Amino acid sequence: MTYQEHFEQIVQDQLARVEAMKKAPAAPDFAKKKKIIIGTIDGDGIGPIIMDSARQILETLLAEDIASGRIELRRIEGLTIENRIAKMETVPADVLAEIKKCDLLLKGPTTTPGKGSDMPNLESANVTLRRELDLFANVRPVAIPEKDIDWIFFRENTEGEYALGSRGVEINDDISIDFKVTTTIGTTRLARAAFEYAKNNGNQNVTVVTKANIMKKTDGKFLSLCMDVAKDYPEIEVDDWYVDIMAANLVSDLFASRFHVMILPNLYGDIITDEAAQLQGGVGTAGSANIGGRYAMFEAIHGSAPRMVAEGIAEYANPASICRAAVMMLRHMAMTEPAAKLELALDQAADVLDMPGDGTGNTAADFTAFVLARL
Ligand code: IPM
Ligand code: MG
């Protein structure tokens, strides 16, 4: 394929994606749903350890609904780096078919081979799942009460720099080109989710974060679409910042607590939410929700930590982030009471347990026992 044909193919695929987005179903009403299937996916590295903890906690918390058959926790096997490499599929077709039979997913971290690793070049399973299940909003809350910080990030989750991240072109030995995509529907549905959240939570102010001064077409479009949506919410205060100064604002004692709801394109959202999670106490402490129409997937914000496994300290992995994701899942299912119960236990765990992730302090099993004792 010439690179002209490659580009033409990319454009056609993106146009088709837009048409598919237009037909996307609305989210189900979980409060009324008779049966909810929650697929649990272990993932790689420390994944099985933290997911064991989350599963035990959910089994206890949801014991009644599980016994009555209203909720099923279903293990989804095969989303491991070994199986993905063996089949040379980022999400093997049979695994994806099982995933699509679920309503919600709680997913441990999956390994993504990076450039220069000895693994074959596979797309990130996260990225594939977000795209395949059309999980357009990545919602990441961060709270630091002692600094009066209460942030929630709405990161665009299916396009931007990620849509074609594995489909860039090496023109020749001298030049490589990647692509970034912004669509009207992709941005608008994300912005709408963020403004709805802001409205339902006391008209919190909304901040749009881009680099529209440099990425004029894509970020420029993103910014102006967010501002269009803002017009439907005249009671909400809106401002916009470039991502570089925003990274600084979040560590500024003067500015940090002024921000509440933030809307960001995919890559900036990826970076800024790690920064925010670190300020809260580490990337192991923040949960992440990937919300779409038909499906939603909840996951830890951190990766599979192969280093912890290599050093033999995987049992010290902190299940807090995946458990925070479980809290978000319970809220998404309109199960506010168990969500609050679990959240309180997690806050206590954060205060009492010592989990620096370097092979000292408390283990994941200590964490599980601590939380179970408080449910
Ligand atoms: C995240 C992660 C993923 C991302 C990786 C694992 C592909 O960093 O969920 O933030 O870049 O989105
Ligand atoms: Mg990230």
*Within 10 Å, count the other beta carbons around each residue, average over each peptide in 41-52, 328-339, and list them highest first.*
41-52, 328-339
_Dipole magnitude of the stretch 140-281, debye to nearest 20 (Cβ charges: Lys/Arg +1, Asp/Glu -1, about Cα centre)_ = 440
*Looking only at the stretch 272-295, which residues have a backbone nitrogen under 20 Å from a spot 7 Å from the Cα of residue 253 in the C-beta direction?*
276, 278-281
*Mind checking the dipole of the chain: about its Cα centre, +1 per Lys or Arg Cβ, -1 per Asp or Glu Cβ, Debye to the nearest 20?*
1320
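Sorted by average packing, counted as other Cβ atoms within 10 angstrom per residue and highest first, what order do 189-196, 239-246, 120-127, 302-309 take? All intermediate terms of the calculation are to be shown ahead of the outcome.
Details: 189-196: 22.0, 239-246: 16.1, 120-127: 18.1, 302-309: 19.6.
Output ranking for 189-196, 239-246, 120-127, 302-309: 189-196, 302-309, 120-127, 239-246.
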_Relative contact order, percent, the stretch 228-375 [alpha-carbon distance under 8 Å, six or more residues apart]_ = 17
*asked:* I'd like the distance between the alpha-carbon centres of the stretch 12-66 and the stretch 94-160, rounded to an integer number of Å.
replied: 12
_Under the rule of at least 5 residues apart or a separate chain, name every residue whose amide H is placed under 5 Å from the amide H of residue 317._
364
*Hz values of 3J(HN,Hα) by residue in the stretch 207-216 - Karplus curve (6.51, -1.76, 1.60), Gly and Pro given as x*: 10, 9, 10, 9, 10, 5, 6, 10, 8, 5
*So which aspartates and glutamates can residue 211 reach, going by Cα to Cα under 15 Å and dropping same-chain residues fewer than 8 places off?*
156, 161, 219, 239, 240, 244, 270
*How long is the gain from residue 72 to residue 33 if the chain were fully straight, where each residue apart is worth 0.36 nm and the alpha carbon distance is subtracted?*
12.8 nm
*Residues with beta-carbon under 15 Å from that of residue 310, excluding residue 310: net charge, scoring Lys, Arg +1 and Asp, Glu -1?*
-4
*Rounded to 5, the percent of DSSP beta bridges in the chain classed as antiparallel*: 45
*Tell me, what is the FRET efficiency for residue 331 and residue 216 to the nearest 0.05, using R0 = 45 angstrom and their Cβ-Cβ distance as r?*
0.75
*Is the shape of the stretch 67-204 rounded, prolate or oblate, going by the alpha carbon gyration tensor and its root eigenvalues a ≥ b ≥ c, with a/c under 1.5 for rounded and a/b larger than b/c for prolate?*
oblate
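Taking 0.36 nm per residue of separation and subtracting the Cα-Cα distance, what length does fully extending residue 244 through residue 310 add?
Full extension of this stretch gives 20.3 nm more.
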*By the scheme Lys and Arg +1, Asp and Glu -1, what is the net charge of all other residues having a beta-carbon under 12 Å from that of residue 162?*
-1
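Quick one: of 23/180; 34/101; 33/87, which pairs are farther than 26 Å apart, Cα to Cα? Walk me through the numbers before you get to the answer.
Numbers: 23/180 23 Å; 34/101 15 Å; 33/87 35 Å.
Too far apart for the 26 Å limit: 33/87.
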*asked:* If you take every residue apart from residue 251 with its C-beta less than 12 Å away from the C-beta of residue 251, what net charge results, scoring Lys and Arg +1 and Asp and Glu -1?
replied: -1
*Given the rule -39500 (n - 2.57) for each run of at least 4 DSSP H residues, summed and divided by the residues of the chain, what is its mean residue ellipticity at 222 nm, to the nearest 500 deg cm²/dmol?*
-13000 deg cm²/dmol
*Taking 0.36 nm per intervening residue step and subtracting the Cα-Cα distance, what contour gain separates residue 176 from residue 374 on full extension?*
65.9 nm
_Need one word for the stretch 57-148: rounded, prolate or oblate. Basis is the Cα gyration tensor (sqrt eigenvalues a ≥ b ≥ c); a/c below 1.5 gives rounded, then a/b vs b/c decides._
oblate
_Below 8 Å, C-alpha to C-alpha, sequence gap of six or more: please give me the relative contact order for the chain in percent._
21
*Three-way shape label, the chain, alpha-carbon gyration tensor, a/c 1.5*: rounded
*Put +1 on the Cβ of each Lys and Arg and -1 on the Cβ of each Asp and Glu in the stretch 140-281; which of 255, 224, 241 then has its Cα farthest toward the positive end of the dipole?*
224
*Mean separation of Cα contacts under 8 Å, 6 or more apart, over the residue count of the stretch 185-294: relative contact order %*: 30
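Rule-based calculations on the coordinates, nothing more; no lab input. Please read all numbers here as calculations on a predicted model, not as lab measurements. All Cβ positions, even for glycine, are placed from backbone atoms using ideal geometry, and neighbour counts span all protein chains on display.
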